[in-house]
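Report on one structure; see the data block that follows.
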DNA sequence: AAGCATTTTTGGTACGACCAAATAATGATC
DNA sequence: GATCATTATTTGGTCGTACCAAAAATGCTT
């Protein structure tokens, strides 16, 4: 019983989630039940709930019973979310994050060029077509743009990548969301997507990477045009 | 005044940290001072401290005044740490994580081959030499092995990458730490490092990536040999 | 059976109190 | 006067009770 009493409760609940006694979607016992079960004050019970929540193991909305949330890669990024938000407000923060995105997506398109399956190609083509059809609808274009990139993150079949994509889009949304949207820019972006797609179809990783880097570098230029140096 | 009262305190403190009024290393006001300043109960003041702590903005040790900790990429991964630990105990969790490491390091060595500066080359050579000199000292080899990889994460000059490297080594330590260490294996790994280094010196990204992938695939085989399919 | 009003549950907050560890202040000793 | 041991204060950790408001469960009326 070193340190905080809440930690032992957290430990027990965590073990319960691991063992499956508490499954995804189950409700955590109410605070008053926890204090009875663990023989602690409500202060400690609340603290335990708060910790579990900050760790992403449960989802606690005000005045609602906390819900068990099975650990996934997405939950991991959620846990990091608030601190990343702070990070992004520091000088260079957004650029550093976007830089990692460029690097990762460059690797993803190489992977796609080398080993995309028939299903992946179909998904890419579908996403690209939807993107092209939405050039005159800014909101729709924004959606399908993200969807096209999302397909790239799906190709490796590793659940970590889609979670990373969601994290990127969430964290960078404040910038993207405020950027002016114009049909002309949509056309340019669609052309970039098409170039990436073509390179993948040609199974040319170098060309795919080059097209992707050009695309994202261009996107970054737009961010700087809108926000200045950040 | 929607939702939790603690959030507004968190918001104020966060703003204070951003503005520099509270700098890295400063001590947060005591809980009893916070409740006076914000005119709330100690319950709420404590909750605010806990939230700030879970967000990594402060470091709170039991019975010590909380210390301001400027948010860094490292803190973001710390926040995600406990979830990732859970995640890794699920089937395929370790593999999925290691897979992202392979992808990222492959991208890093390509980057290194294309644009490593003189300083970077020196750092790589130094790390490689230290690694080679430690072949017969398993602990030392483990250290220098990590250090060699760390240099790769330093090359882009983006603070996110070193943080990612620390996260990988921390999260995967349970596996790596339990793996048998033999001089023969050290020799193989050192040879792999040398091959990567050579490819970088030749400015050959494809060869560098191939060498890196071979190296990490081999490392994964060792993990599976030790732990079975995980 | 459907709609509505009432009771119970549940999280959010407040106040007051005590403990133990850590720190600051004090005084004794050399 | 500097150093060390002792006391006083600060500070976080825990407990208990109480009240509120929103949400959920319940019961009642039609």
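The values are calculated or read from the model by the stated rules, or taken from the named source; none is laboratory data. Because the structure is a prediction, the values reported are computed rather than measured. Glycine also receives a Cβ, built like all others from the backbone with ideal geometry; neighbour counts cover every protein chain displayed.
Structure data summary
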| read-out | value |
| --- | --- |
| Residue tally, condition closer than 22 Å to residue A:61 by Cα and free of Cβ contacts under 8 Å to residues at least 40 places away in the same chain, over the stretch A:1-11 | 2 |
| Any hit, the stretch B:92-104, residues being at pLDDT below 90 and out of contact with any helix residue (DSSP H, G or I) (no Cβ under 7 Å at 6 or more places or on another chain) | yes |
| Of the criteria (1) surrounded by fewer than 19 Cβ atoms within 10 Å (Cβ to Cβ); (2) free of Cβ contacts under 8 Å to residues at least 60 places away in the same chain; (3) within 19 Å of residue B:109 (Cβ to Cβ), which one residue B:172 fails | (2) |
| Test: residue in the stretch B:166-178 that is under 24 Å from residue B:114 (Cβ atoms), in the same structural domain as residue B:128 (by TED's automatic domain parsing) and in contact with a helix residue (DSSP H, G or I) (Cβ under 8 Å, 6 or more places away or on another chain) | yes |
| Residues of the stretch A:12-34 classified as over 16 Å from residue B:86 (Cα atoms) and more than 10 Å from DNA strand D (Cβ to nearest atom), total | 7 |
| Failed condition for residue A:100, given (1) facing chain B (nearest Cβ under 9 Å); (2) assigned to a loop (DSSP other than H, G, I, E, B) | (2) |
| Residue that is farthest from DNA strand D (Cβ to nearest atom) [pool: residues in the stretch B:38-48 that are within 14 Å of chain A (Cβ to nearest Cβ) and without any contact (Cβ under 8 Å) to a residue 24 or more places away in the chain] | B:41 |
| Residue match in the stretch A:152-164 (condition: away from chain B (no Cβ under 13 Å), over 30 Å from residue B:205 (Cβ atoms) and at pLDDT 90 or above) | no |
| Yes/no for residue A:199 being in the same structural domain as residue A:134 (by TED's automatic domain parsing) and in contact with a helix residue (DSSP H, G or I) (Cβ under 6 Å, 6 or more places away or on another chain) | yes |
| Selection from the stretch A:1-11 of residues that are more than 9 Å from DNA strand D (Cβ to nearest atom) and closer than 17 Å to residue B:83 by Cβ | A:10, A:11 |
| Enumeration of residues in the stretch A:15-34 that are out of contact with any strand residue (DSSP E or B) (no Cβ under 7 Å at 6 or more places or on another chain) and either over 12 Å from residue A:70 (Cβ atoms) or away from chain B (no Cβ under 12 Å) (or both) | A:15, A:16, A:19, A:21, A:29, A:30, A:31, A:32, A:33, A:34 |
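Conditions tested, residue by residue: (1) facing chain A (nearest Cβ under 7 Å); (2) within 20 Å of residue B:192 (Cβ to Cβ); (3) within 16 Å of DNA strand D (Cβ to nearest atom).
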{"site": "B:36", "(1), (2), (3)": "no, no, yes"}
{"site": "B:56", "(1), (2), (3)": "yes, no, no"}
{"site": "B:74", "(1), (2), (3)": "no, no, no"}
{"site": "B:78", "(1), (2), (3)": "no, no, no"}
{"site": "B:81", "(1), (2), (3)": "no, no, no"}
{"site": "B:85", "(1), (2), (3)": "no, no, no"}
{"site": "B:93", "(1), (2), (3)": "no, no, no"}
{"site": "B:126", "(1), (2), (3)": "no, yes, no"}
{"site": "B:143", "(1), (2), (3)": "no, yes, no"}
